[in-house]
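Down below is the structure, laid out as structure tokens.
The values are calculated or read from the model by the stated rules, or taken from the named source; none is laboratory data. None of the values given here were measured: they were computed from a predicted structure. Note: ideal-geometry Cβ built from the backbone for every residue, glycine included; neighbour counts use all protein chains shown. Protein only, heavy atoms only, side chains kept; ligands, DNA and RNA dropped before computing areas. Shrake-Rupley method; radii C 1.70, N 1.55, O 1.52, S 1.80 Å.
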Amino acid sequence: MTTAHQQMPPTAAFRFDNSYARDLPGFYVARRPEVVPGPRLLFLNHSLAAELGLDLAALDTPARAAIFAGNTVPEGAEPLAQAYAGHQFGGFSPQLGDGRALLLGEVIDRQGRRRDIALKGSGRTPFARGGDGKAAVGPMLREVLVGEAMHALGIPTTRALAVAATGEDVYRERVLPGAVLTRVAASHIRIGTFQFVAARGDVDSLRKLAEYTIARHDPALATAPTPQRFLALLRNVVERQAALVAQWMNVGFIHGVMNTDNMTLSGETIDYGPCAFMEAHDPTTVFSSIDHQGRYAFGNQPNIAGWNLARLAETLLPLLSDDTGQAVALATEVLAAFPVQYRRHLLRGQRAKLGLHGPREGEPDDDSGDGDDAALADDWLALLQAGRVDFTLGWRRLADAAAGDEAPLRALFADPRAPDAWLARWRERLANEDAGESDSAQDGPAIAGLERARAMRGVNPIVIARNHRVEEALAAASDNGDLAPFERLLDALRQPYDESPGSAPYAEPAPAAVTAAYQTFCGT
Ligand code: AMP
Ligand code: MG
């Protein structure tokens with residue numbers, strides 16, 4: 001038998017250019033993935049492969065499985081385990097690093113963007129400590145589902161390129177089938193990467209890392225003078241995280257483990273462990289079974305992001321000024337902007353979700369969330385919370401109300417009249433906006449309402465990765481090798497704004513008892 005991969009190296013698929021390996025010696029340990037007994041491809045992200053310009057057609061099925069399980073190291077890859085430190089649940093570990101992950105290398109995608117290709121679950125590395133270096137099918141497929149859901153919602157995220165079963169057992173609370181995830185990221189540089197060198201007092205390496213990060217994520221700063229460009233890097237990271245966390249908050253996403261090693265400089269969401277979308281709106285919702293203090297609860301995520309950014313700022317102090325007092329003053333000013341930027345991003349998103357085209361007449365677009373629209377949004381969220389209304393459906397049914405049908409929204413409340421006062425305020429605000437816009441005034445209120453509803457349905461999803469659906473899909477895949485529920489759910493998550501008979505089963509919240517028990521299921 002002659003197969004494609006015998007005729008050409010299986011590696012023709014990737015064109016690696018490995019800047020991290022080249023530019024940052026001392027930040028990693030070279031390491032090869034472990035060979036596994038039974039590679040089998042469970043998931044391959046064809047659209048992402050196309051975006052990356054990968055020539056997967058050159059590989060037959062066994063060749064693909066061998067690459068994505070780690071048995072074949074593609075030509076041009078320089079697999080390495082990255083070193084990093086991190087604050088985990090508030091406590092500092094000076095050395096964490098990739099215990100079970102390897103960066104294979106980087107490719108330049110079709111749009112000219114440099115993307116990391118990394119394996120997760122590919123065996124022990126020198127950073128594995130007590131861990132087995134492995135990953136199980138369920139949690140790796142969870143990364144696929146939640147990452148693709150986030151991507152479809154327009155939220156910056158790492159993405160899954162492939163998941164391959166390994167054919168070996170992984171020992172957790174019970175025996176589970178093993179898997180390797182191939183993850184694509186703008187980079188894997190984390191706050192913890194900066195903490196790793198800062199903790200060693202190695203300022204030269206710190207500067208190298210900062211320059212590398214600027215070249216990769218903020219190339220416009222590369223010509224800015226030193227030391228201002230390091231402060232500008234901090235400012236940009238703060239801005240990216242403010243935008244990111246605001247997006248999380250506007251879809252009810254709970255990361256679950258916002259340790260500093262799980263927060264990127266690129267501004268992408270990374271490391272989907274005990275993460276989930278909130279159902280009934282409650283800021284105290286927690287999904288990590290070990291998060292007893294609620295450190296990473298839904299409503300605490302902006303605070304924690306600010307706290308993590310302060311840890312990043314601390315690492316950068318030696319680069320900001322020779323005068324420590326001056327460096328602290330500069331960094332403090334940038335950090336102080338975080339809550340303001342966060343509220344600005346949040347409010348911009350909330351206005352769209354409320355069906356508003358922009359700020360009130362005379363109000364600046366960059367207001368920091370102290371105005372009447374912010375109060376309108378806050379009171380809406382308080383209403384959802386008081387009624388324990390499903391966060392996603394609450395927003396979505398507001399679009400129906402904009403189109404003139406309040407019944408579906410009212411049906412979400414035990415007392416259908418509960419939203420009366422708030423709806424009156426909202427309608428007044430909408431009427432006010434329409435009066436200021438001659439187009440809608442000419443078309444009449446009915447047309448304006450339908451157009452508004454359409455716009456609202458484009459920003460308020462009907463399908464999110466609901467816990468019970470995710471668990472159901474992962475259990476079928478992990479326990480029975482049945483990937484059909486996973487594939488159906490993935491299809492629905494990729495069209496989060498489409499309300500159709502096909503999406504209906506994925507739009508309904510779980511029964512309350514299932515939600516209450518959910519956090520005990522979470523694991524990585
Ligand atoms: P995470 O909570 O997934 O961000 O991981 C925190 C740290 O633990 C990282 O350094 C991981 O590489 C490491 N780690 C997690 N699970 C394992 C495992 N099964 N084997 C080795 N290292 C692991
Ligand atoms: Mg991590």
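The portion of the accessible surface of segment 117-219 made up by carbon and sulfur, rounded to a whole percent, is 51 (1.4 Å probe; DNA, RNA and ligands excluded).
FRET efficiency for the A386 to H468 pair, using the beta carbon distance and R₀ = 25 Å, is estimated at 0.55. Quick check: from the Cα gyration tensor, does segment 19-188 come out rounded (a/c under 1.5), prolate or oblate? It is rounded, given that a/c, with a ≥ b ≥ c, falls under 1.5.
Using θ = phi - 60° in the Karplus curve 6.51 cos²θ - 1.76 cosθ + 1.60, the 3J(HN,Hα) couplings for segment 459-469 round to 10, 10, x, 9, 10, 10, 7, 6, 3, 5, 6 Hz; x is entered for Gly and Pro.
Find the relative contact order for segment 80-195 and round it to a whole percent, using C-alpha pairs within less than 8 Å whose residues are 6+ positions apart. Walk me through the numbers before you get to the answer.
On the way: 248 pairs, mean separation 31.2, N = 116.
Worked out over segment 80-195, it gives 27 percent.
Excluding ligands, DNA and RNA, the accessible surface per residue across segment 211-355 is 33 Å² with a 1.4 Å probe. Among the protein heavy atoms, those of E508 account for about 110 Å² of accessible surface (1.4 Å probe, every chain in place).
Based on the alpha-carbon gyration tensor of segment 89-248 and its eigenvalue square roots a ≥ b ≥ c, which shape applies: rounded if a/c is under 1.5, prolate if not and a/b is larger than b/c, or oblate? The shape class here is prolate. Sequentially through segment 211-228, phi angles give Karplus couplings (6.51, -1.76, 1.60; θ = phi - 60°) of 5, 4, 5, 4, 4, 7, 10, 9, x, 5, 8, 4, 9, 5, x, 8, x, 4 Hz, Gly and Pro residues having no value and appearing as x. In percent, rounded to a whole number, the relative contact order of the chain is 13, using alpha-carbon pairs under 8 Å and six or more apart. Taking a ≥ b ≥ c as the square roots of the Cα gyration tensor eigenvalues, the chain comes out oblate, since a/c reaches at least 1.5 and a/b does not exceed b/c.
At 1.4 Å probe radius, can you tell me the per residue accessible area of segment 19-188 in Å²?
Value returned for segment 19-188: 35 Å² of accessible area per residue.
Between amide H atoms placed 1.01 Å from N, distances below 5 Å from E168 occur with G38, G178, all of them 5 or more places distant or on a separate chain. Amide H contacts of L42 (H built 1.01 Å from N, in plane; Pro and chain starts excluded): V163, A164, A165 sit under 5 Å, all sequence-distant by 5 or more or on other chains. Only protein heavy atoms count here; on that basis, with a 1.4 Å probe, D405 has an accessible area of about 80 Å². By accessible area, using a 1.4 Å probe on protein heavy atoms only, segment 322-362 has 54% of its surface on carbon and sulfur.
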